[in-house]
Amino acid sequence: MGTNSLVFRSVSGLIAGITCSVGAHAYDTAAATAAANSSICEDAQPFYWEVGAASGSPIISGQVGGTNFSRSTEVHLASASKLVFSTYVVQRYNGIPGGISGARIVKALNMKAGYINLDDSLCVQGSESDSYTVADCFYDGNNSDHDPAAEGEFFYDSGHAQHAAATATQLNLGLKTKSSLLTEINSQLDLGPTFKYDATNVSGGMSANAEDYAVFLQKIMEGTYMISSYLDFLPVPTACTYWWNCPSSPGGSVDFHYSLHHWIEDNTGGKLPNGKSLGPGDGAYSSAGAFGFYPWITSDLQYYGIISRESESGAGGDSVVCGRAIRAAFLDL
């Protein structure tokens, strides 16, 4: 049992759990609600949260700390855009892209391509113009600088995928603007209506609401999207290898693995950059955003969850701590 679960149990011991089941899988909605309203989630307030299955409406949901955020509130996804982009890539190639160019694309999605200098703010500023393209974002400032020392090593940065997207011999999306990039993504994924690109940074430029993102997660879970079969593809260790890539990861010293532009929460422990410790992970797949949007899918693809909020950059860690506590309580881990 993880640290968050132990803390949660001390908070909710007086609350009688309501245990339900879908098929052979049991869950506890009262415990999940108690976790969401506990001190574990205090630093993430205000937020909206929900947990659901592979189809249908949420099993349980709520608003904590006020009504600022609801299921229909559109928020900046930041790095929660990453899972959308990798899902598009796998769908477009009908699996893992092959050949030399495909290997480069996979390397980029795994954060190992050596492009570690992308300044997202430049892409956001540039995207105020509707004619600003994916290639413009990549070549703005020093965004396209390549670091040979980082080649082949995990280094969390949006530059990897931006290079793959902008390069004609790889994804060939360089001429796409915010509008045409969304059209291209939707040609493969048919996303809900609130999904849009606020910037042409393919790894962090999207916004959407929790309702549409939940449907996206459900399509992964039920196998509509081919990435469903590749969520564990080539898992990359993210614990520090060299001193210079230690501060690069929003996971801090937590030893998650990283796959195709998403996290695998199979850690044994560690501390996030916000100083909070995480107990052993349960193998969930996730894609936390810097502003606090945190989506996850259980390792057996039976349940998903979302923390929806928008705060200052770096808020993702508090959402991860909160979301993991809700998940552990819901699943009685």
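Worth a mention:
- Per DSSP, loop GluC sites (Glu not before Pro) in region 253-333 with at most 10 further Cβ within 10 Å: Glu312
- Whole-number D in µm² s⁻¹ for region 51-125, Kirkwood Cα-pair radius fed into Stokes-Einstein, 4 °C, 1.567 mPa s: 81 µm²/s
- Rg/Rg_ref, region 100-213, where Rg_ref = 2.2 N^0.38 Å and atoms are Cα: 1.03
- Over region 194-309 - Rg/Rh using Cα atoms and the Kirkwood inverse-distance radius: 0.96
- For His76, residues with placed amide H under 5 Å, excluding near neighbours: none
- Potential extension, Thr67-Asp190 segment - 0.36 nm per residue separation minus Cα distance: 41.3 nm
- Positive contributions from Lys and Arg (+1) and negative ones from Asp and Glu (-1), summed over other residues with Cβ under 13 Å from the Cβ of Thr268, come out at -3.
- Seen against the Cα atoms of the chain and their longest principal axis, helix 99-109 is set at about 50 degrees.
- Proximal charge balance of Thr200 [Cβ under 12 Å; K/R count +1, D/E count -1]: -4
- Using the Karplus relation 6.51 cos²θ - 1.76 cosθ + 1.60 with θ = phi - 60°, the per-residue 3J(HN,Hα) values for region 51-63 come to 10, x, 9, 6, 7, x, 6, x, 6, 8, 7, x, 10 Hz, with x marking Gly and Pro.
- Label point at Asp43 placed 7 Å out along Cα→Cβ; residues across region 250-294 whose backbone nitrogen lies under 12 Å: 271-278
- Residue-count net charge about Ile105 - beta-carbon cut-off 12 Å; Lys, Arg +1, Asp, Glu -1: +4
- If you count Lys pairs in the chain whose Cα atoms are under 26 Å apart, skipping same-chain pairs closer than 8 places in sequence, the total is 20.
- Stokes-Einstein D in µm²/s, Kirkwood radius over Cα pairs - the chain at 10 °C with 1.306 mPa s viscosity: 80 µm²/s
Rule-based calculations on the coordinates, nothing more; no lab input. Keep in mind that what you see is a predicted model, and the values were worked out from it rather than measured. Please note: Cβ atoms are built from the backbone with ideal geometry, for glycine as well, and neighbour counts cover all protein chains shown.
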